Amino acid sequence: MATTMSVSFGLVSVPVLVAPATEDHRIRLHEVHRRCGGRIRHRRVCELDGQEVAYADVARGVEAPDGTMAVLDDATLERLPLPTRHVIEVLGFVPGDTIDPISYQRAYYARPAGAAAERPYEVLVAALARTGLVGIAKTAISSRERLAVLRPRSGVLTVHTVFWPDEIREPGPAPTLPVTDR
């Protein structure tokens with residue numbers, strides 16, 4: 001499932017199709033009743049009226065400070081003012097080895113969206129590959145604005161969403177045991 005976006009830097013805008021670059025092959029474990037092996041199901045129940053709610057009737061909401069709930073439907077979420085909704089806005093370029101790998105979150109492939117985009121796309125990918133630079137960008141994927149790193153990989157532009165600096169935990173104090181030659 002590809003999303004149409006544009007890589008934008010300066011006066012240049014390159015239309016691209018962005019699709020996930022990875023897939024999860026983990027085995028999904030189910031909750032089961034220990035005694036008989038029957039599946040355990042979780043139901044969506046409204047805490048106000050106690051009624052079970054069909055998935056089609058579930059929306060997202062945000063709680064206001066006074067405790068009231070503002071319900072947001074898909075149309076409202078689509079209208080949220082995210083300037084990077086369909087754009088990968090390149091903020092600058094830095095050497096690729098300056099990005100701490102712990103920052104990387106999800107990877108996507110960005111391919112040219114049509115014949116007119118092929119040449120500027122190839123120029124961008126080649127320039128990044130030759131210089132060893134990566135693009136630092138902002139983009140909105142899944143209705144949330146994220147930082148991203150654009151880098152070439154096997155002739156294709158990859159978009160890596162990265163954690164914001166305040167989302168990365170410090171490791172805590174390092175062990176202080178001495179290391180000997182032995």
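The values are calculated or read from the model by the stated rules, or taken from the named source; none is laboratory data. None of these values were measured; they are calculated from a predicted model. Don't worry about glycine lacking a Cβ; one is built from the backbone with ideal geometry, like all the others, and counts go over all protein chains shown. In case anyone asks, the SASA skips ligands and DNA or RNA and just uses the protein heavy atoms, side chains included. Shrake-Rupley method; radii C 1.70, N 1.55, O 1.52, S 1.80 Å.
Is the range 78-89 home to any residue that is assigned to a loop (DSSP other than H, G, I, E, B), closer than 19 Å to Arg153 by Cβ, open to solvent by less than 80 Å² (accessible area, probe 1.4 Å) and touching a residue at least 40 places away in the same chain (Cβ under 8 Å)?
So far as the range 78-89 goes, no, none of its residues is assigned to a loop (DSSP other than H, G, I, E, B), closer than 19 Å to Arg153 by Cβ, open to solvent by less than 80 Å² (accessible area, probe 1.4 Å) and touching a residue at least 40 places away in the same chain (Cβ under 8 Å).
Search the range 1-19 for residues that are under 12 Å from Gly135 (Cβ atoms) and pair each with any residue that is open to solvent by 50 Å² or more (accessible area, probe 1.4 Å) and among the acidic types (Asp, Glu) when their beta-carbon atoms are under 6 Å apart and the residues are at least 6 apart or on different chains.
So the pair list comes out as Ser8/Glu89.
Which residues, taken from the range 11-45, are under 30 Å from Ile136 (Cβ atoms), in a loop (DSSP other than H, G, I, E, B) and either charged (D, E, K, R) or open to solvent by less than 80 Å² (accessible area, probe 1.4 Å) (or both)?
Ala21, Glu23, Asp24
Working only within the range 126-182, note down all residues that are of a type in the set (A, V, I, L, M, F, W, C) and part of a loop (DSSP other than H, G, I, E, B).
Going through the range 126-182, the residues of a type in the set (A, V, I, L, M, F, W, C) turn out to be 126-129, 133-134, 136-137, 140-141, 147-150, 156-157, 159, 162-164, 168, 174, 177, 179.
Matches in the range 126-182: Phe163, Trp164, Ile168, Ala174, Leu177, Val179.
Under 7 Å between Cβ atoms, at least 6 apart or on separate chains: pull out the pairs that start in the range 46-59 with a residue that is touching a residue at least 12 places away in the same chain (Cβ under 8 Å) and closer than 16 Å to Val71 by Cβ and end on any residue that is surrounded by 10 or more Cβ atoms within 10 Å (Cβ to Cβ) and among the charged types (D, E, K, R).
Partner pairs satisfying both residue conditions: Val58/Arg44; Ala59/Asp73.
Give just the number: which of (1) open to solvent by less than 50 Å² (accessible area, probe 1.4 Å); (2) in a helix (DSSP H, G or I); (3) modelled with pLDDT of 95 or more does Ala117 not satisfy?
Here Ala117 clears every test but (3).
Could you check the range 61-77 and list, in sequence order, the residues that are at pLDDT 85 or above, open to solvent by 50 Å² or more (accessible area, probe 1.4 Å) and in a loop (DSSP other than H, G, I, E, B)?
Selection gives Pro65, Asp66, Thr68.
Anything in the range 93-104 that is of a type outside the set (Ser, Thr, Tyr), open to solvent by less than 80 Å² (accessible area, probe 1.4 Å) and without any contact (Cβ under 8 Å) to a residue 60 or more places away in the chain? List them, or say none.
Those that are of a type outside the set (Ser, Thr, Tyr), open to solvent by less than 80 Å² (accessible area, probe 1.4 Å) and without any contact (Cβ under 8 Å) to a residue 60 or more places away in the chain: Val94, Pro95, Gly96.
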